[in-house]
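Asker: Here it is: the structure, laid out below.
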Amino acid sequence: MTLRSFSVVESIIYDGQTQKAKGVRIVDAATKESFEYYAKIIFVNAGAINTNLILLNSRSDGF
């Protein structure tokens, strides 16, 4: 498990071949640098409004 403080999830990375989420893109709040993290299981626990914001930012060719 990776825990990063002062980071914001920008979007979920979607794999069109497997039709599953495979990771997340985050932005460091201090440096504005972008990172990607990959995992087998992804939980979206950002609250009612921010979860919707993350899902709307997670566009792919299939959607």
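Read-outs throughout are calculated quantities, based only on the coordinates presented, and are distinct from any laboratory measurement. This structure is a prediction, so every number in the text was calculated from the model and none was measured. Backbone-built Cβ (ideal geometry, glycine too); neighbour counts: all protein chains shown.
Asker: Residues E10, E36: which one is touching a residue at least 12 places away in the same chain (Cβ under 8 Å) and either in contact with a helix residue (DSSP H, G or I) (Cβ under 8 Å, 6 or more places away or on another chain) or surrounded by 15 or more Cβ atoms within 10 Å (Cβ to Cβ) (or both)? Give the derivation first.
Answerer: On the way: E36 fails: either in contact with a helix residue (DSSP H, G or I) (Cβ under 8 Å, 6 or more places away or on another chain) or surrounded by 15 or more Cβ atoms within 10 Å (Cβ to Cβ) (or both).
After applying the criteria, what remains is E10.
Asker: So, one more: Among the residues of segment 18-63, write down those that are of a type in the set (S, T, N, Q) and closer than 20 Å to S5 by Cα.
Answerer: Going through segment 18-63, the residues of a type in the set (S, T, N, Q) turn out to be 18-19, 31, 34, 45, 50-52, 57-58, 60.
Selection gives T31, S34, N45, N50, T51.
Asker: Find the residue count for segment 38-50, including only residues that are assigned to a helix (DSSP H, G or I) and closer than 13 Å to V8 by Cβ.
Answerer: Narrowing segment 38-50 to residues assigned to a helix (DSSP H, G or I): 48-50.
When the remaining residues are screened for being closer than 13 Å to V8 by Cβ, the result is 50.
Of the residues in segment 38-50, 1 are assigned to a helix (DSSP H, G or I) and closer than 13 Å to V8 by Cβ.
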